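Let me begin by presenting the structure, written as structure tokens, before commenting on it.
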Amino acid sequence: MKFEMDIANYIGLFLLKNQFCYIHGLGNMELKKIPARYDGQALLSSSYDVVVTPGGSIDDNLANFIATNEQISISKAANELREFSIKTRKEIAEGREVIIPHIGKFVEENGKVKFITDPNFSYVPAGIPVIRNSRQLEEQNSKPAHKPSYPPPHKADSVNWSMVILAVVLVIIIGGGAYGIWYYTTRSDNASATAQIPAKDTVVKSHVQGADSALIKKDTAISAALPAPDTLKINPYKMVIGDYRTKDRADRRVKNLNMQNLEVAQKDSSDYLVLVTVNCRMADTTHVEDSLKRYFGYKNLMIYKQPN
């Protein structure tokens, strides 16, 4: 084969394919992009320039590329490359040029290897492959695009039940508080009275006027055989069933009880007593007092003594 021309062609092809090409002894050739620029008269589009840098990674990629295309061994291709490099260094040292077809030429400048790009060199990098089959393009366009699905928004309630419930609770609380204040103010005068008004007057009257009847029955057999001393005589006794600071409160207590044999007596200038008259034996007064304490709920119940 024509050694110099074939090796130079393979160097150009490998450079355009990989954008770099390492040649042992000459350096690493690279394609560098020059951005668009303005030269003072016109706007120049971007272009590519070939530069040679010393060193580089030593590999057999170029030798393998030549061996594959020439159907020779890699070692033989490497030997051909080494001879090309030695001959090129010798020629550029003598001031001559070594041309790489359609790319440019090697020269020596100040004892260093330099590459001058051909003014007519034009390089367009490989574009992104597109679908050229119309059938594949139609199939791709016919596929429905994925669209995210969202749940439908909830319909807003016409009535805000939480606010309604809150308003009802507030009304109940305010109403309960107002009722409690009213009840306390109206019942404060009767706070000391814990007993309830009897359901029927007949029951109360029979309990007060005949409080001794049950007690007398207990001693029926004995009283029939014994003489009746003064202690067995039935006498009227006035019992204190309430003590109040004002006469008005004492009168209201008598009115609420709605019973016979009740009266109000003045104890002193600041106290008024509510009295009930009970007919019983002197020996039974203690039992009657206990019974009346439980009924009227007044713990200080006692026999009323007329002041002197």
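The values are calculated or read from the model by the stated rules, or taken from the named source; none is laboratory data. Please read all numbers here as calculations on a predicted model, not as lab measurements. Please note: Cβ atoms are built from the backbone with ideal geometry, for glycine as well, and neighbour counts cover all protein chains shown. Please note that ligands, DNA and RNA were not included when accessible areas were found on the heavy atoms of the full protein model with its side chains. Shrake-Rupley method; radii C 1.70, N 1.55, O 1.52, S 1.80 Å.
Which one is farthest from Leu16 (Cα to Cα), of the residues in the stretch 69-126 that are open to solvent by 100 Å² or more (accessible area, probe 1.4 Å) and assigned to a strand (DSSP E or B)?
Lys112
Is there a residue in the stretch 241-253 that is in a strand (DSSP E or B), charged (D, E, K, R), touching a residue at least 40 places away in the same chain (Cβ under 8 Å) and open to solvent by 20 Å² or more (accessible area, probe 1.4 Å)? Break it down stepwise before answering.
Pass one, the stretch 241-253, residues in a strand (DSSP E or B): 241-244.
Checking which are charged (D, E, K, R) leaves us with 243.
Keeping just the survivors that are touching a residue at least 40 places away in the same chain (Cβ under 8 Å) gives 243.
Imposing the further condition that a residue be open to solvent by 20 Å² or more (accessible area, probe 1.4 Å) reduces the set to 243.
Yes, the stretch 241-253 contains at least one residue that is in a strand (DSSP E or B), charged (D, E, K, R), touching a residue at least 40 places away in the same chain (Cβ under 8 Å) and open to solvent by 20 Å² or more (accessible area, probe 1.4 Å).
Can you confirm whether the stretch 29-52 contains a residue that is surrounded by fewer than 16 Cβ atoms within 10 Å (Cβ to Cβ), at pLDDT 85 or above and in a helix (DSSP H, G or I)?
Scanning the stretch 29-52 turns up no residue that is surrounded by fewer than 16 Cβ atoms within 10 Å (Cβ to Cβ), at pLDDT 85 or above and in a helix (DSSP H, G or I).
Does the stretch 267-284 hold any residues that are modelled with pLDDT of 85 or more and either open to solvent by 70 Å² or more (accessible area, probe 1.4 Å) or touching a strand residue (DSSP E or B) at 6+ places or on another chain (Cβ under 8 Å) (or both), and which are they?
Scanning the stretch 267-284 gives Asp271, Tyr272, Leu273, Val274, Leu275, Val276, Thr277, Val278, Asn279, Cys280, Arg281, Met282.
Taking only the stretch 53-68 into account, find how many residues are small (Gly, Ala, Ser) and in a loop (DSSP other than H, G, I, E, B). Explain how you work it out, then say what you get.
In the first step, residues of the stretch 53-68 are kept if they are small (Gly, Ala, Ser); the result is 55-57, 63, 67.
Narrowing the set further to residues that are in a loop (DSSP other than H, G, I, E, B) leaves 55-57.
Matching residues across the stretch 53-68 total 3.
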